[in-house]
Structure formats: C-alpha cells, structure tokens
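Asks: Once you've had a glance at the structure underneath, I'll fire off some questions.
Every read-out reported here was derived from the displayed coordinates using simple, explicitly stated rules and does not represent laboratory data. Small disclaimer: the values here were computed from a predicted structure and weren't measured. All Cβ positions, even for glycine, are placed from backbone atoms using ideal geometry, and neighbour counts span all protein chains on display.
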2 protein chains.
Amino acid sequence: MHAEQPVRTGRAKRLPRAVRERQITDAAVDVFSRLGFHAASMDEISEVAGISKPMLYAYLGSKEELFATCIRREATRMMAAIADGVETDQPPDVQLWSGLRAFFGFVGGNRPSWQVLHRQASSQGGPFAEELADLRGRAIGLVATLLVRSGEFPDVPRAGDKEAESLAAALVGAGESLADWWLDNPEEPAGVVAARLMNLVWMGFGDLVAGHVWHPPSRRAPGTAEQD
Amino acid sequence: MHAEQPVRTGRAKRLPRAVRERQITDAAVDVFSRLGFHAASMDEISEVAGISKPMLYAYLGSKEELFATCIRREATRMMAAIADGVETDQPPDVQLWSGLRAFFGFVGGNRPSWQVLHRQASSQGGPFAEELADLRGRAIGLVATLLVRSGEFPDVPRAGDKEAESLAAALVGAGESLADWWLDNPEEPAGVVAARLMNLVWMGFGDLVAGHVWHPPSRRAPGTAEQD
DNA sequence: CCCCGTGCCTACTCGCAGGTAAGATTACTG
DNA sequence: CAGTAATCTTACCTGCGAGTAGGCACGGGG
C-alpha cells in the first residue's frame with residue numbers, strides 16, 4: 001500500500017529529526033489503521049518506519065503519546081480539509097452540501113487517516129477517546145450551529161440546542177457509517193455518495209420515495225457531480 | 001452497576017454447569033463493555049463472575065471464544081427485540097418508526113450489551129468483526145428491503161440496490177451514533193430520541209426547518225411519545 | 001459409612017511486547 | 001584532520017496476562 005518502506009538492511013541513513021518524526025508518524029498511522037492500537041506493536045511500527053525501536057521512544061515518547069500524535073495530526077488535517085471546503089457565505093443547504101463533499105473527498109483520498117480516526121480511536125478507553133471525542137464534538141457543534149441558523153425546530157422549541165445537537169450527532173454518525181460503507185463499495189465516486197447523504201438528511205425518505213430530490217444550485221445534477 | 005458480584009471469600013458454592021456458564025457470560029459482557037476486548041483480562045472476568053480462572057477455560061474456552069459467545073448472545077437478543085417490535089403489517093413509515101422505537105428501547109435498557117456490540121466488536125481485527133459485520137449487514141439489509149418496498153428512487157433508477165443499501169447504511173450509522181450520543185445525554189426518554197431520528201430520516205432537514213414534522217398515526221405527538 | 005466423580009481452586013509456566021542502558025557510527029565544524 | 005554532538009543500533013530487562021497442571025472439597029450412590 002504505502003510506497004516507501006525502506007528494506008532495513010543494516011543501518012538507516014542519517015536524517016534530521018523533523019524528517020524522521022514525520023516518517024515515524026506516517027508509519028504509525030499506517031500500522032495503527034491496519035491493526036488497531038493494541039494489536040499494533042512498537043516493533044512493527046519501527047520496522048515499517050525503517051528505523052529501530054529506541055528512536056520511537058527518543059522522538060515520539062510512549063506508545064500512547066505516539067498514538068495521540070497520530071490522532072491529533074490526522075484530525076487536524078481532516079478538519080482543515082473540511083473547513084477549506086465549506087462555502088460559509090452560502091445558504092444552509094449549500095453549506096451542508098459543500099461540507100459533505102469535502103468530508104467524503106478527504107475520506108476517499110486518505111483511507112488510513114480515516115481508519116485510524118474513526119475505527120481505532122473511538123474504541124480505546126484511554127485518553128485518545130478524549131482526543132477523538134473532541135474532534136467529533138467540534139464536528140457536531142459545527143453542524144448543530146448550522147442547523148440552528150437554518151431556522152427553529154417547531155416541535156420542541158424550548159430545547160432547541162439539545163434538539164439540534166442530537167440531530168447533528170445523528171448526521172455525523174450517518175456520515176461516518178456511510179464512509180465505512182463506501183470503503184467496502186469503493187466503485188462509486190465521492191460526489192455520488194455525498195449526494196446520497198445530502199438527499200437523505202435534507203429531503204428525507206418521505207420526499208425521496210415521492211420523487212423529490214435535492215439539487216445543488218449550480219445546475220450540477222447530484223448524481224454526476226465530480227469531486228472538487 | 002451489576003447487582004450480584006459475589007465477594008469471593010474462599011470457595012464458591014457448587015452450581016450446575018449451565019448456571020455457571022450464564023453467570024460467566026454476564027460477567028464477561030460487563031467487563032468487555034467497560035474495558036474493551038484487549039484491556040479486559042480473564043482474571044478480572046473471573047473475579048467479577050465470582051469464580052476462578054480455570055473455570056472460564058473449562059466452560060467457555062479461550063478468551064476469543066468467550067468474546068464471540070458474548071457478541072452472539074447480545075446480538076441475538078437485540079435482533080429479537082427489534083423483530084418483536086416492528087409492526088410488519090403497517091405502511092413503511094410506521095414500520096420504520098416501530099423499528100426505531102424498539103432499537104432505542106433495547107439500547108436504553110441494555111447499555112452494556114450495546115457497548116459490547118457497537119464499540120468493542122467493531123474495532124477488533126479478529127473473527128468478531130465478522131460476527132458484528134454480519135449483524136450489521138442483517139440490519140442494513142432489513143432497512144434496505146424496507147426502503148425498496150417503499151418505492152423506487154428516481155435519481156439513480158438502475159442502481160436501486162446500491163442506492164437503498166447505502167442509504168440504509170447511513171441510517172443504521174445514524175442510529176448507532178445517536179444511541180452513543182444518548183448514552184451521554186440520558187435524561188431524555190427513548191421515545192423522544194427515536195422520534196428525532198424518525199423525523200430526520202423521514203422528513204429531512206429541509207422539511208424540518210420549514211416546520212413540517214412527522215407524526216405517528218395514532219395521534220401521539222412525537223415529542224411526547226412514551227416508551228413501550 | 002465410604003467411595004468416586006464433578007466442580008472448584010492455588011500456584012505455576014511461558015511468551016510477548018513496552019520500555020531502556022550503553023555503546024557504535026556518521027555528519028558537521030573549526 | 002580531529003573533536004563533538006546528534007543519530008542510530010544491538011541487546012537486554014521486566015511486567016503482565018493467556019493458558020495449564022495437579023490437587024482439594026462436596027454431594028450422591030452403593
């Protein structure tokens with residue numbers, strides 16, 4: 001999968017610290033995403049990184065610190081990609097649409113990052129769960145804010161925040177789950193998957209079965225929208 | 001949390017094998033749900049079960065077998081609860097609604113089961129993932145069938161199966177995520193949470209922000225529906 | 001009353017993986 | 001070219017937890 005796994009015949013070439021740290025983090029994301037936190041061994045990470053074990057400890061600290069570093073880095077990358085993709089000066093539905101496209105675009109282009117973020121971090125009982133819950137919380141908060149701005153929810157007007165927050169949680173979960181499904185059905189382009197979720201959460205099944213679909217405003221049909 | 005943790009002072013009372021097996025499985029679900037598969041130790045499970053470690057191996061086999069037994073048992077219980085709750089002779093929206101209510105009702109009444117099913121099993125690379133993927137696949141298949149029966153999806157008419165399957169995956173994920181959120185915000189009754197998800201996936205945000213909500217047919221307002 | 005089998009326990013073995021001590025090697029600097 | 005400091009390594013310690021050997025109690029049948 002990953003291209004540059006040095007063959008580790010004898011000694012590794014001398015490199016500046018910053019470069020090594022990056023290599024190590026790359027390798028760690030790769031191994032963690034394939035095996036999960038516990039099943040991944042520091043020996044294997046060091047091997048993939050093309051380096052010996054004590055370097056891990058010298059540069060990135062303990063296994064937990066290394067994992068947290070991976071989570072933080074990949075979370076930052078993903079949030080940046082999404083923030084970069086959202087068109088904040090557009091109406092709510094277009095904002096949501098652009099956010100979904102950015103999200104699925106990132107997942108499609110960074111499978112290991114997504115694996116390590118979603119599957120692994122969410123299930124370890126340690127301080128990583130915090131890290132991940134923080135990211136998830138920020139995402140939910142963003143969506144919730146977007147929802148609140150879209151208008152009031154008439155059925156539970158007093159508890160608007162809880163209402164929006166729970167709906168945002170459901171939406172974020174739907175996105176996560178659909179991303180996982182997509183990994184098993186990768187033949188479809190990101191835009192199609194994003195459009196499906198957009199239609200689900202914006203139109204609802206009730207509209208979809210009646211033939212009403214949502215279209216992006218710029219005359220692109222959702223089924224043919226291409227990525228970025 | 002769990003009531004009957006024998007204090008293990010000395011020897012345990014002699015019991016027939018079937019009863020012990022059940023006790024052990026209960027304890028295992030409890031410990032696995034709190035700590036996860038790897039972090040849970042057979043010593044702790046035996047302690048919680050009020051029994052010594054060799055009994056685990058004598059009765060339930062290895063750690064992996066024990067975990068698989070837990071997954072299978074809890075998955076069966078959950079699917080039975082949902083199947084029991086769904087009103088299959090009703091129109092699609094009511095079927096979905098009754099299914100959601102049954103699901104959230106089960107989660108609310110069986111937190112550890114849910115934890116062990118959702119959080120733990122999904123992240124272990126072993127044969128449990130299969131077990132869990134099987135459950136998840138059955139759930140998605142059920143929802144997908146329901147969707148297909150509800151009508152055709154007009155925007156991608158040729159790929160109706162994929163369309164329905166991906167939407168079902170999104171819906172199942174939304175349910176899982178909302179259930180997790182609910183664990184952190186347990187003050188709301190199951191019916192309210194279920195109604196929120198029902199409104200989201202049936203009406204969509206587009207309708208919700210316009211003030212259109214979904215109501216169960218029996219004149220209960222969704223915000224006030226009580227559980228069971 | 002004594003025997004015997006099933007249920008149960010104490011007390012170990014053993015391998016694996018996180019983490020480290022101490023020394024070898026290489027690039028840069030004067 | 002020699003000194004120095006950062007980079008990198010081999011080879012080890014150590015604790016933890018899965019899994020097991022072998023023996024102790026307790027209740028039912030002769």
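Asks: Averaged over B:174-186, how many beta carbons belonging to a partner chain fall within 10 Å of each residue's beta carbon?
Replies: Mean number of neighbouring Cβ atoms from other chains: 5.
Asks: Please list 3J(HN,Hα) in residue order for segment A:103-116, calculated via the Karplus relation 6.51 cos²θ - 1.76 cosθ + 1.60 where θ = phi - 60°; whole Hz, with x for glycine and proline.
Replies: With the stated coefficients, segment A:103-116 comes to 4, 5, x, 5, 4, x, x, 9, 4, x, 4, 5, 4, 5 Hz.
Asks: To continue, here is another question. How do B:H212, A:H118 rank when sorted from fewest to most other Cβ atoms within 10 Å of their own Cβ?
Replies: Least crowded to most crowded, the residues run B:H212, A:H118.
Asks: Let me ask something additional. Taking the beta-carbon count within 10 Å as an exposure proxy, list B:F32, A:F128 from fewest neighbours to most.
Replies: By the 10 Å Cβ count, ascending: A:F128, B:F32.
Asks: What is the order of A:R11, B:R72, B:R119, B:R101, fewest Cβ neighbours within 10 Å to most?
Replies: A:R11, B:R72, B:R119, B:R101
Asks: Here's a follow-up. Name the long-range amide H neighbours of A:V213: under 5 Å, sequence gap of 5 or more, or other chain; modelled H, no Pro or chain starts.
Replies: Placed amide hydrogens put nothing under 5 Å from A:V213.
Asks: Measuring from a point 7 Å out along Cα→Cβ, what nm distances, shortest first, does B:G85 have to its partners in the other copies?
Replies: Computed spacing set for this position: 3.3 nm.
Asks: Please turn the phi angles of segment B:24-40 into ³J(HN,Hα) values with the Karplus equation 6.51 cos²θ - 1.76 cosθ + 1.60 (θ = phi - 60°), one per residue in order, whole Hz, x for glycine and proline.
Replies: 4, 5, 4, 4, 5, 4, 4, 5, 4, 5, 7, 10, x, 4, 5, 6, 6
Asks: Let me ask something else about it. In whole Å, what are the Cα extents of segment A:47-90 along the three principal axes, biggest one first?
Replies: Answer, in whole Å and largest first: 51, 19, 11 Å.
Asks: So the label point sits 7 Å from Cα along the Cα-to-Cβ vector; using that for A:A58, what distances do you get to the other copies, in nanometres, sorted shortest first?
Replies: Ordered by distance, the counterparts are at 5.3 nm.
Asks: Still on this structure, please answer the following. Going by average Cβ density within 10 Å per residue, which order do the peptides B:102-108, B:185-191 take, highest to lowest?
Replies: On the way: B:102-108: 22.7, B:185-191: 15.4.
So the order, starting with the most tightly packed, is B:102-108, B:185-191.
Asks: Averaged across B:163-169, how many Cβ atoms of other chains sit within 10 Å of each residue's Cβ atom?
Replies: 6
Asks: Which GluC sites (Glu not before Pro) does segment B:1-103 hold that lie in a coil by DSSP with at most 10 other beta carbons within 10 Å?
Replies: For GluC sites (Glu not before Pro) across segment B:1-103 that sit outside H, G, I, E and B with at most 10 neighbouring Cβ atoms in 10 Å, the list reads B:E4.
Asks: Can you list the distances in nanometres, one decimal and ascending, from the B:K13 label point to the identical position in each other copy, with the point 7 Å along Cα to Cβ?
Replies: Going from nearest to farthest copy, the values are 7.2 nm.
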